[in-house]
Every structure is written in structure tokens, then in C-alpha cells.
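Worksheet: the structure to be examined is printed underneath.
Values in this text are rule-based calculations from the coordinates and carry no lab data. What you are looking at is a predicted structure, and each value in this text was computed from that prediction instead of being measured. So basically every Cβ, Gly included, is an ideal-geometry build from the backbone, and we count neighbours across all protein chains shown.
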Amino acid sequence: MSDNSQTPAATPAPDQAGQGANKGGGQQTVVRIKPMAGPAKMRKRHGRLILSFALMVLLPFVVTVSYLWLIAEDQYSSTTGFTVRQDEGNAASDLLGGLTQFAGGSTSGDSDILYEFIQSLEIVKNVNAALDLRSHYEAHWDTDPVFALQPGSSAEDLLGYWQRIVRLSYDQGTGLIEVRVLAYSGDMAQKIASEIVAQSQEMINELNDQARGDALRYAQQDLQEALDRLKTAREALTQFRSRTQIVDPEADLQGRMGVMNNLQQQLAEALIEHDLLLQTTSGNDPRLAQAKRRIEVIQDRIRIERETFVSENTDTGAVGEDYPKLIAEFEALTVDRQYAEESYRAALSALELARAKADRQSRYLATYVRPTLPETSEFPRRFVLSGLALLFLTLFWSILALIYYSIRDRS
């Protein structure tokens, strides 16, 4: 290849290019290329961005780390765990046919009640009265105002601070409650945890007393209602017997049926005797007339006895009443009395079971982790808090920077 082939052709000047286009008789578009950008340089806005990062992120982060590592007091944590359990009962409860529902209650919801109680103002006042929480946590206000309790705080402020130092973990499926208490000394943390367990046990005892009282009261009310029902049923049956002068209509009916059977038998015998007389004597024999008279008397008595079963009469003792109505009324009164007796026996058994349940503690607090005595401080978690502070400060600064540049580009 020659040297001329390697040398690029010279680009004509814009004027020459235009003249060449005109000479050729055609029109060509002139493309002007801007010069290439130079190297990036530091601008004022970059300096302001770095300054804002230093003021909004680095400076607060340094202050936070300095406070956590140089000023914040060490805190100790004591852990305890417990749950609510119920006495399973004994074989006597099963023999009563499921009547245990009258004498006790399920522990369903007891753990929920206890979980809410530990976060209530009542337990805070009780623990403060027993251990003087204010003196312990207010003593570090001068040296650690972030994590300490402000002096002269109200009961509501103490409750809010209590929710900071007492951390709960609750599993609704198993009913297990785990409590972690923070204090400026390990001994105080253990005492607070032990007092929480004691207060929780007292709450369970109150629930037991209330359940026992309710069970006894309801069982006594049911027994009284069953007793009144039984008295009413027996009085109604007594009034029926006094009014009808019949102790047992069924037994009386059986007796009358026996009379009817006897009359039927006598009538058959009289008819046979009458037929024999007709065959052996003449028609004017006085024995024949006597036999006819005897048959008529027996038939009249049978008719009267039959009428007593279905019509009103004055010979049965039940004035103005017939046997079907008497038997129906007697059966209804008997059923009412039997039902009242069964209800009374069931209510009496329930009351006895309620008294037996009241003699022992059906609910109790099972502590599966006793309050621990910490030897080293674990709080405040300085590394965790420092990392979180840096993360959130950076996020906050980034969001503000994006908002600023978004508004700047639109203006």
C-alpha cells in the first residue's frame, strides 16, 4: 500500500463544502458537532450535598455513638417465663355426667388476661409500692436522661416507662408468657421479675375466687329453682288426690276392671243357670223368675260400671269427672314430678361438685423459667442502636436529597 492510501482525505471547510454542493447542483445538510465534554469538576452543589450529609448523617451518628458508649448507663436484664394451667380434675367429675361445667371454667383466655394485666397501670402501682421503682430509675436521670425516668413523673408516665423496661413475649397458641425486665442493677432486675410473678399469681388467685364464687352461686340458684319446681309438682299431685279422692287412678282403674271381670263372670253363670232352669222346669217356676231378675241386676250393674269410665257420675268419688280425663291429668302431673325430681338430683350433684372444686385451686401459675440473676449488662444494645441510627439517618438524608433535586429539576 502507498503512503497516499493511508492518509485520510481532508475535510473541506463549511464554506467550501457549501460551494462544492452548489457546484454539484444538489443540496446537502450541514451537521455541526459539539465539542466533547471536558473532565468532571467539583461544583458548589456537590459541596453543599457533602455538607448536608455531614450535618444530617455523620454529626448525629457521632453524637449517638458517643452517647451510647460514653454516657449511657449499663442495664441488666432478668428473664422469667410462666403460663396458666388448670387442674384436670378426677374420676368423680366424670361420674357426674359432665357437670364440671357448672363448677369451674376453662383457662381459655386466662393467659390473655394475664398478658394485659402485666401491661396495666395496676401492676405498675403494685410493683412501685413494693420496690420503689421511681427511686431506682430516677437516680440516673442526671447521667443518663435518655434511658432513665424523669423525676416527678406522673403515674401515666411511669406506665409508659414500664412498657420500655418490661418486654413481653406471648404465644397465644401455647399460652406461654416470657417477661424480660431491664434495670440498672442485676439484683433489682431480678426483684422486679419476681414481683411480676407474684402479682400474676395473685391475679390468678382472684380469678379462681371469682370462678368459685360464681360456680357456687349459680349452683345454689339452680338447686333452689329445682327445689321450688319439685315442691310445685308434688303439691299439684297432692291437690289432685285430695280433689279426686283417688291415690292412683291407674290402680283404681285396675280394681274397677277387676269388678267388671267378676260381674261378667257372674253374668255368664246366671245365664247358664237360667238356661238350665228353662230346660228342667215349667215357665211359671219362681226360680226362673228369680234367675231372670238376677241376670237383669247384673246387666244393670255392668252398664253402670261401664258408664263410670266414660261419663260424669257421682259414684266414683271424682265428682264431675270421667276416668280418661283423670288418667291424662294424673300422667301429666306424674311426668312433671319425675322431671322435677331429676332436675333436683342434677342440681344437687352440681352443687356438691362446685363445693368440691372450691376446696382446691383449679387454676395455677406454672413458672417454667424462674427469674434469673444477670451477671453482665446486655443493654443498651450499643452496636444495634448505632447501626439503626446510621441506617435511618442515611435514609432520611437520601430522601431529602432526592426531593430537593426533583424540585430543582422541575423549576
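For the reader, a short list of remarks on this structure follows.
- Ascending count of other beta-carbon atoms within 10 Å, so fewest first, for 214, 300, 110: 300, 214, 110
- In the stretch 321-411, trypsin sites (Lys or Arg not before Pro) in a DSSP loop with at most 12 other beta-carbon atoms within 10 Å: 360, 381
- Of the trypsin sites (Lys or Arg not before Pro) in the stretch 205-303, those whose Cβ has at most 13 other Cβ within 10 Å and which sit in DSSP loop: none
- Span from the the stretch 390-411 Cα centroid across to the the stretch 151-187 one, whole angstrom: 38 Å
- For residue 135 and residue 69, a Förster radius of 25 Å and the Cβ-Cβ distance give a FRET efficiency of 0.40, rounded to the nearest 0.05.
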